[in-house]
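Taking it in order: structure first as structure tokens, then the write-up.
The values are calculated or read from the model by the stated rules, or taken from the named source; none is laboratory data. Keep in mind that what you see is a predicted model, and the values were worked out from it rather than measured. Cβ atoms come from the backbone with ideal geometry, glycine included; neighbour counts cover every protein chain shown. Only protein heavy atoms, including side chains, enter the accessible area calculation; ligands, DNA and RNA are left aside. Shrake-Rupley method; radii C 1.70, N 1.55, O 1.52, S 1.80 Å.
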Amino acid sequence: MGTKYDVLVIGGGNAALCAAISARRGGASVLVLEGAPKFYRGGNTRHTRNMRCAHDAATEILTGPYTEEEFWEDLLRVTGGQTDEVLARHMIRESKDILNWIVEQGVRWQPSLGGTLSLGRTNSFFLGGGRAMLNALYRTAERLGVDVAYDAEVIDLVIEDGMFLAACLKRPINGETEIRATSLVAAAGGFEANIEWLKQYWGEAADNFLIRGTPYNRGSILKMLLDKGVQEVGDPTQCHAVAIDARAPKFDGGIITRHDSVVFGIVVNKHSHRFYDEGEDIWPKRYAIWGRLVAAQPDQIAYIIFDSTVVTSFMPTLFPPIAGQTIAELAGKLGLDPAVLEKTIAEFNAAVRPGTFDHTILDDCVTEDITPPKTHWARRIETPPYLAYPVRPGITFTYLGTRVNKEARMQMADGKPSANMFAAGEIMAGNVLGKGYAAGMGMTIGSVFGRIAGREAAKHARN
Amino acid sequence: MHGTKILDEADRLMTVCNSCRYCEGLCAVFPAMEMRRAFSDGDLNYLANLCHSCGACYVDCQFSPPHEFNVNVPQTLAVARAESYAAYAWPQALSGAFTRNGLVISVTAALSMAAFIFGFAALNDRSVLFGVHTGPGAFYKLMPHNAMAALFSAAFLYAILALVMSVRAFWRDIGAPIGGRADGGSIFQAIRDAGELRYLHGGGVGCYNEDDKPTDRRKLFHHLTFYGFLLCFAATSVATLYHYLLGREAPYPWWDLPVVLGTLGGFGLIVGPIGLLVAKSRRAPELLDENRYGMDVGFIAMLFLTGFTGMLLLLLRETAGMGPLLALHLGAVFALFITMPYGKFVHGIYRFAALVRYAQERRSEAGS
Ligand SMILES: Cc1cc2nc3c(=O)[nH]c(=O)nc-3n(C[C@H](O)[C@H](O)[C@H](O)COP(=O)(O)OP(=O)(O)OC[C@H]3O[C@@H](n4cnc5c(N)ncnc54)[C@H](O)[C@@H]3O)c2cc1C
Ligand code: SF4
Ligand code: SF4
């Protein structure tokens, strides 16, 4: 090192690597600073599985066309209109090309396997998962001559009048603690692993959140940029949160702690009360709402309760369900009041009307005269052993970010574009995702804006 | 919970993987796992023997160590696989041979070779062992053909019997219907999968060795070894037919079929095992079953020795070296035969059976 790089990329995930490769292919010299040690490189990208891209026809890996318009409508629906239409449409258009571009960078897609998830039309799955995908990107980047440093946490940025000058490292790399570069690509993720910061918006409740991904996304780069005059975008309380097993590790439990058994039972809080219609929506929307719902409950804990007739109806789970031969026994094991839980279940059972169960559609199994209702998939819980999963909010990633334009160039608070700073991935996801989420968009945002950011950063550096 | 500690660990991992499934496109192990929710000992032994140890699911796993979930599928399945060989060995009394395999193989090999040299010398006088013999029947000046055939048939038949009994136990345990037969289609599918080492490809990029850069090196050397072995086997079979059907006695001229097959095979059995040994010594230790290192090395060394002595014999058969070399070669082959059911050789047989089972499962799934 020692020399000044054309492009400095901060981060080590999908967005960072796409940016680094694209900048290098654009002729720039590139350094990637990854704050994590080598094994943990690639932050949340390590945990991903698929990516959502528009395409006009079925392919080997996708079962049917998914047009730009349909993608846009899906995005509009999940965000309730809270999205930057120009940027979002631009991203969707670019996503078509990403399907092939990413393969050119060595990433392989999995042929559709009939699989577990009903996303074979809209989403492409990485062969071997996100870490396999990352490994391929790293191999390509290194082959092209991108320099990569691990354990390279950036603790300060030197920025003057919207112009990036240098980044300061926590510990020296090849004797240097300050790295200068002509352009910057910030791709250092959100702030979901920073509980203190989350507490500013969520209060003490945030102590009970589990962070599904990397402990290294503490939002430090985001904070520095916002403090140094980059315009902020997005609502800080908005994030992607799902209900995950309460027994999961505090950080980095990844995909395997998820639950989607809600439709097969009921969900109660620590007072043994139901609090939301478990039959409201179809996967994956259903999947994405329960994190917030549980976050709003006392002590941020809830219990999915079902009976033995349905155990094999959903994906096998990492943690086994907690079981009891009677409701009272189960309540005891969960630390709930047995009498109240018995009453809740009895009332629920009494409200169930006969219907034909089908969890793949909004079926006609409903409850009557009960609040909250269960509007689909309602069936009595009556066959012991009774089973439960304790769940807590599992935060996937946050949406507060830096405002960018179509060139992935950061916008300053005064409305002017930055001279040489670009952003990609989670750190600017809020431009597109005001709220809500559609599976696979995290990677789309990272790849599309990463590729653009790298290209533009290289162009700026070589001018 | 299970019979052994390693099966407990394999069960834990399969539970993790079954709730993850990111690796389902990499090989047969994961789709086979997905067909089950709970795992018996037999299921785990089946999955362990389906694994080709390509390493991809280790390099691709977000939960491999140092992550606290500590997921290391290739190593766990490698240990479980090795233990399964002993568990199904016939007769059971000899199952211990697997653990001391390196020693067993070297002692057996040394004894067999010594026995042949000694036997030659004792049967004839020393001048025969060190004399120059040429022309048809030259080999049998050292040991009469019938004696040779009887000795090797006995060793071979014993090996076959022991292998059949072991695989039968395995086949029963892996959930194949009791007494159930494999159908032709599944067997054909398994022959293709085994023949091309379909699952030693890390999902298409090759195998992982010393780092996270995949190569096809292990597959290439395995092919050389395996097909080298088959060619040598074919050479011996053709020679046997020549002898009994055509009355033509070995040694044959270099252009004749048994020699051509044997030469090609011998080449494979020299280059292949050396390549495999080098690959093994360079492989990341976290992918290997270190305790069984000796068993793998012992078997590879035996194959090499067979090929190497065979080739030397071909080159020097018209010199005084023929006698000792023939003795060494026959000793190596003999030792290879009798240790077959108790060493790494069985991996091919169990893997093949597992592939047949997998093909069956796929077919019945597609059919249902
Ligand atoms: C369990 C789970 C499953 C998911 N599944 C999917 C999926 O299937 N599809 C999908 O599209 N999305 C999925 N997501 C979301 C997806 O992971 C993110 O949207 C995506 O990874 C964001 O990429 P990124 O490159 O912006 O950030 P990351 O991949 O998180 O990378 C950020 C990087 O910045 C580094 N960093 C942070 N601070 C510093 C610093 N100060 N100095 C230097 N480096 C720093 C981190 O170490 C990290 O490497 C999932 C997330 C989780 C947690
Ligand atoms: S090896 Fe790891 S990534 Fe692969 S299926 Fe198992 S847990 Fe998932
Ligand atoms: S090591 Fe290779 S063959 Fe074995 S389970 Fe993993 S991916 Fe499959």
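Under a model in which nothing but the beta-carbon of Lys, Arg (+1) and Asp, Glu (-1) is charged, segment B:84-209 shows a dipole of about 100 debye around its Cα centre.
Relative protection proxy for B:152-165, B:104-117, A:439-452, from highest mean packing down: A:439-452, B:104-117, B:152-165 (other beta-carbon atoms within 10 angstrom). Ordering B:Trp171, B:Ala109, B:Gly367 by Cα displacement along the dipole of chain B toward the positive end leaves B:Ala109 in first place; charges were set at the Cβ atoms of Lys, Arg (+1) and Asp, Glu (-1). Using alpha carbons only, the radius of gyration of segment A:252-379 set against its Kirkwood radius gives Rg/Rh = 0.93.
Taking every alpha-carbon pair under 8 Å whose residues sit at least 6 apart, chain B reaches a relative contact order of 27 percent.
Here is the list for segment A:1-103: GluC sites (Glu not before Pro) lying in DSSP coil, each with at most 14 other C-beta atoms within 10 angstrom of its C-beta, are A:Glu60. If the viscosity is 1.567 mPa s and the temperature 4 °C, what translational diffusion coefficient in µm²/s does Stokes-Einstein give for the protein assembly as shown when Rh comes from Kirkwood over Cα pairs? Once the numbers are plugged in, D ends up at 43 µm²/s.
Using a 1.4 Å probe over protein heavy atoms, the accessible area lost on pairing A with B, summed over both chains, comes to approximately 2800 Å².
The dipole here belongs to segment B:245-368: it is taken about the Cα centre, uses +1 on the Cβ of Lys and Arg and -1 on the Cβ of Asp and Glu, and is about 220 debye. Of the listed residues A:Glu426, A:Glu192, the order by accessible area with a 1.4 Å probe, largest first, is A:Glu426, A:Glu192. Ligands, DNA and RNA excluded, the heavy atoms of A:Glu196 present near 120 Å² of accessible surface to a 1.4 Å solvent probe. Pair-distance distribution P(r) for segment B:51-98, from all Cα-Cα distances in 5 Å bins starting at 0: 5, 20, 21, 15, 13, 10, 9, 6, 1 percent. Residue by residue along B:61-69, Cβ atoms of other protein chains within 10 Å of the local Cβ number 6 on average. For segment A:192-247, dividing the convex hull volume of the Cα atoms by the residue count gives 87 Å³ per residue. For segment A:215-254, treating each Cα as an identical point scatterer without solvent, what Debye log10 I(q)/I(0) comes out at q = 0.17, 0.35 1/Å? The Cα Debye sum returns log10 ratios of -0.67, -1.19.
Any chance you could check the Cα centroid distance between segment B:85-160 and segment A:37-95 for me, in angstrom? So the separation of the two Cα centres works out to 66 Å. Restricting the calculation to Cα atoms, segment A:160-258 shows an Rg/Rh of 1.04 when the hydrodynamic-style radius is the Kirkwood one.
Each part gets one Cα centre, and for segment A:308-331 versus segment B:225-256 those centres are 63 Å apart. Tell me the label-point distance for the pair B:Leu241, A:Lys223, using the 7 Å Cα-to-Cβ offset, in nm and rounded to one decimal. Between B:Leu241 and A:Lys223, the label points sit 7.9 nm apart. With K and R counted +1 and D and E -1, the other residues having a Cβ less than 10 Å from that of B:Ile6 yield a net charge of -3. The stretch between A:Glu368 and A:Lys170, if pulled fully straight at 0.36 nm per residue, gains 65.2 nm over its current Cα-Cα span. The Cα-based radius of gyration of segment B:187-336, divided by its Kirkwood radius, gives an Rg/Rh of 1.04. Once all protein chains are placed together, A:Trp101 keeps about 20 Å² accessible to a 1.4 angstrom probe.
Working from label points 7 Å from Cα in the Cα-to-Cβ sense, the A:Ile282 to B:Met1 distance is 3.6 nm. For segment A:344-392, the Cα gyration tensor yields ellipsoid semi-axes of 18, 14, 12 Å (square root of five times each eigenvalue, largest first, whole Å).
For the residues of A:248-257, the average number of beta carbons from a partner chain within 10 Å of their own beta carbon is 4. Normalised by 2.2 N^0.38 Å, where N is the number of residues, the C-alpha radius of gyration of segment B:223-276 stands at 1.19.
Say the dipole of the protein assembly as shown comes from +1 at the beta carbon of Lys and Arg and -1 at that of Asp and Glu; which of B:Leu129, A:Ile327, B:Thr76 then lies farthest toward its positive end? Most positive-ward Cα: B:Leu129. Scattering from chain A was approximated by placing one identical point on each alpha carbon and applying the Debye formula without solvent; log10 I(q)/I(0) at 0.07, 0.08 1/Å stands at -0.38, -0.48. Between B:Leu123 and B:Phe188, what is the FRET efficiency for a Förster distance of 45 Å, r being their Cβ-Cβ separation, to the nearest 0.05? It comes out at approximately 0.45. Cβ-Cβ distance of B:Asn291 and B:Ala110, R₀ of 22 Å, FRET efficiency by 1/(1 + (r/R0)^6): the value works out to about 0.40. Per-residue shielding of A:139-145, expressed as the average number of other chain Cβ atoms within 10 Å of the residue Cβ, stands at 1. Ligands, DNA and RNA left out, the 1.4 Å accessible surface of chain A is 50% carbon and sulfur atoms.
Where a ≥ b ≥ c are the square roots of the eigenvalues of the C-alpha gyration tensor, would you call segment B:1-84 rounded, which needs a/c under 1.5, or, failing that, prolate if a/b is larger than b/c, or oblate? Since a/c stays below 1.5, the shape of segment B:1-84 is classed as rounded.
For segment A:217-261, trypsin sites (Lys or Arg not before Pro) are listed when DSSP marks them as loop and at most 16 other Cβ atoms sit within 10 Å of their Cβ; the list is A:Arg247, A:Lys250.
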